[in-house]
1. Roughly how many percent of the accessible protein surface of the chain is carbon and sulfur, given a 1.4 Å probe and a whole-percent answer?
2. Mean residue ellipticity at 222 nm from the helices of the chain, using -39,500 (n - 2.57) per DSSP H segment of n ≥ 4 over the full residue count, to the nearest 500 deg cm²/dmol?
3. To the nearest 0.05, how large is the calculated FRET efficiency for ALA384 and ASP42 if R₀ is 45 Å and r is the Cβ-Cβ distance?
4. Residue separation times 0.36 nm, minus the C-alpha to C-alpha distance between ASP71 and ALA196: what's the value?
5. Past 30 Å, Cα to Cα, is the threshold; run LYS127/LYS309; LYS129/LYS237; LYS237/LYS266; LYS127/LYS155 against it and keep the listed order.
6. If each of ARG53 and LYS237 carries a label point 7 Å out from its Cα toward its Cβ, how far apart are those two points in nm?
7. Multiplying the sequence separation of ARG280 and HIS121 by 0.36 nm and subtracting their Cα-Cα distance, what value in nm do you get?
8. Averaged per residue, what accessible area in Å² does segment 26-185 show with a 1.4 Å probe, protein chains only?
Amino acid sequence: MPRMPGSPSSPPSAPPHDGVEAALKAEARALGFAACGIAPADAAPRAGERLRRWLAEGAHGDMIWMESRADQRAAPAGLWPEVRSVIALGLSYAPALDPLALGDEAAVGRISVYAQGGDYHDVVKRKLKELARWLVGRAGGDVKVFVDTAPVMEKPLAEAAGLGWQGKHTNLVSRSDGSWLFLGMIFTTLDLAADAPGRDRCGSCDACQRACPTNAFPAPYRLDARRCVSYLTIEHKGPIPAALRAGIGNRIYGCDDCLAVCPWNKFARAAAANLAFHPRAELTAPALADLLALDDAGFRQVFAGSPIKRIGRDRMMRNCLIAAGNGGDPVLGDAVAALVDDPAPLVRGAAIWALTRIDPARLTRLAETREAAETDPDVRAEWATALTPEPAGVTR
């Protein structure tokens, strides 16, 4: 295992062996990483300033964890003062199929490409640990590994390490792998030779800005998470704001639109994707009817080993009901109506909204025995909206 701070070792800043950087990158390639670069720990000084401004604007929504550890997130030394170098690594998950192909399919739900295979947290961290062990054995020093869940600004650091650049959609873009890289970081006390930072190559292209179905980009390089489909379907715990529901379409977990239209994707090869990320057949085009029938045990069984499992059954039901309402398929009427009586208020509220789009007369009949008995304020608000006649020319 890599040595952690405080364990017996050579001095933390012991110089690496000659040529360790080239050998490190060769080892990374052998482990399946598509990209590897090195940056000094202080190589992204403006990232913290941009983070604080974004948080002050409230654009992080209810991701309170970003706010609570902002000082640690702002710079690597804020998380670990001894760090001297950052090794940024990328694993490809380039899709073989067009992520936008199912946009008009009312009977199915769309799951973001990254979540159709194995849980990337486990896959990336396992490989990071393997590479960190190799580095300690070769050059000494102390190390820490991070993937997504820690307060680390992976994208600015990956840009500083030369893996690519943060595009106008705020995600990393690579000249060789497009927008399809999972990122992981190794912090080390070693002074390693740095790579040249990435250079912005977006030019005048604004494809990602135009592709966003909920207008989540107030300006290029700026994201308002509160309007982002990925945030709304994954991180957001409450009812999805009514004004944004139509834009969600049939997306039930995440969104690939801004990534999928990036022209740099033409250089990404699906064959380069790690095998662990190859899609599971049942997650490429899941039938909404099947998903809407899941109880908690069924949800856990279907999504075992997937990052989707972490949002829980109730949020997934909410998302599927929004998709069902947007599709308006009458075949789903029975499944949606059954969820008007779901134990979870989040699900009941979404079911009411969906049934207004699928079978409003049926909803009116259900209201006779259910509206007055409802105690949850959010669900009561859904009933009130659903039973209020729509103004002429307005569609909820």
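The values are calculated or read from the model by the stated rules, or taken from the named source; none is laboratory data. None of these values were measured; they are calculated from a predicted model. Cβ placement follows ideal geometry from the backbone for every residue including glycine, while neighbour counts extend to all protein chains displayed. For the accessible areas, the whole protein counts, side chains as well, though only heavy atoms, and no ligand, DNA or RNA atoms are used. Shrake-Rupley method; radii C 1.70, N 1.55, O 1.52, S 1.80 Å.
1. Values: 9320 of 17550 Å².
Heavy-atom surface of the chain belonging to carbon and sulfur, 1.4 Å probe: 53 percent.
2. Working: 18 runs with 154 residues, N = 396.
Rounded to the nearest 500, the figure is -10500 deg cm²/dmol.
3. On the way: r = 54 Å, r/R0 = 1.20.
Calculated value: 0.25.
4. Values: separation 125, 0.36 × 125 = 45.00 nm, distance 2.62 nm.
So the chain would gain 42.4 nm between ASP71 and ALA196.
5. Values: LYS127/LYS309 22 Å; LYS129/LYS237 32 Å; LYS237/LYS266 35 Å; LYS127/LYS155 19 Å.
Too far apart for the 30 Å limit: LYS129/LYS237; LYS237/LYS266.
6. Placing both labels 7 Å beyond Cα along the Cβ direction yields 3.1 nm.
7. Working: separation 159, 0.36 × 159 = 57.24 nm, distance 1.68 nm.
Taking ARG280 through HIS121 to full extension adds about 55.6 nm, to one decimal.
8. Numbers: 6250 Å² over 160 residues.
Accessible area per residue, segment 26-185: 39 Å².
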